[in-house]
1. Going by the structure shown, is I87 at pLDDT 95 or above, within 13 Å of the chain's Cα centre (by Cα), surrounded by 15 or more Cβ atoms within 10 Å (Cβ to Cβ) and under 24 Å from P31 (Cβ atoms)?
2. Kindly indicate whether A62 is farther than 26 Å from G24 by Cα and either in contact with a helix residue (DSSP H, G or I) (Cβ under 9 Å, 6 or more places away or on another chain) or in contact (Cβ under 8 Å) with a residue 40 or more places away in the chain (or both).
Amino acid sequence: MCEVRDCFLEAADDLDYPAPFVAGLLDPACPTPTLLTGPHSKAADRRFNVYRNNVTVSLIEALAATFPATRRITGDAFFRAMARFHIREMPPKSPLLFEYGQDFPDFIERYAYARPMPWLADIARIERAWLDPIMRQTQPPCCRTCWRRQSPLNSPTWSSNRTRRPASSAPPIQQ
């Protein structure tokens, strides 16, 4: 829960304005920053709530795009609720959207409603493990041969990682 003193400016310094603005975007318990006003100096609560909702929906969609199998397994409503709790607990730390969600598998492991699916966090880890090497590419490949050479499947890291099992508290599947 956000405290009012955390969301309002301590000093009247305009340079401090982004901190309460960002805090208020991710926590609905935070009031609208006092320096944010609407037309004719009216409070901008409704406008800020629309912006707050857009940020949350965008982050949920980013997680859904990163973890499509997790979303299909859990169903859309469950996934969106779980993602919303994740956003409140672990807001983005980087302005790069593709970096968001690196800690989502660990969150799933702790998420009480996902406990009946102890393997779900491992599914999310596999999905994230696929994305990270792709996003680390600094330059797009110029041709099919270059792409094959730069593919994460051909990297030594991928070869060594695929023999390791993801960390999980779930018992192994018996065949």
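1. no
2. Numbers: farther than 26 Å from G24 by Cα: no; either in contact with a helix residue (DSSP H, G or I) (Cβ under 9 Å, 6 or more places away or on another chain) or in contact (Cβ under 8 Å) with a residue 40 or more places away in the chain (or both): yes.
Spelling it out, it is not the case that A62 is farther than 26 Å from G24 by Cα and either in contact with a helix residue (DSSP H, G or I) (Cβ under 9 Å, 6 or more places away or on another chain) or in contact (Cβ under 8 Å) with a residue 40 or more places away in the chain (or both).
Let's see how each residue does on (1) crowded, with 18+ Cβ neighbours inside 10 Å; (2) touching an Asp or Glu at 6+ places or on another chain (Cβ under 9 Å); (3) under 30 Å from W130 (Cβ atoms):
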| site | (1), (2), (3) |
| --- | --- |
| G24 | yes, no, no |
| A29 | no, yes, no |
| L35 | no, yes, no |
| P39 | no, no, no |
| R46 | no, no, no |
| V57 | no, no, yes |
| I60 | yes, no, yes |
| L63 | yes, no, yes |
| F67 | yes, yes, yes |
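The values are calculated or read from the model by the stated rules, or taken from the named source; none is laboratory data. Keep in mind that this is a model prediction, so the values were computed, not measured. All Cβ positions, glycine included, derive from the backbone under ideal geometry; neighbour counts span all protein chains shown.
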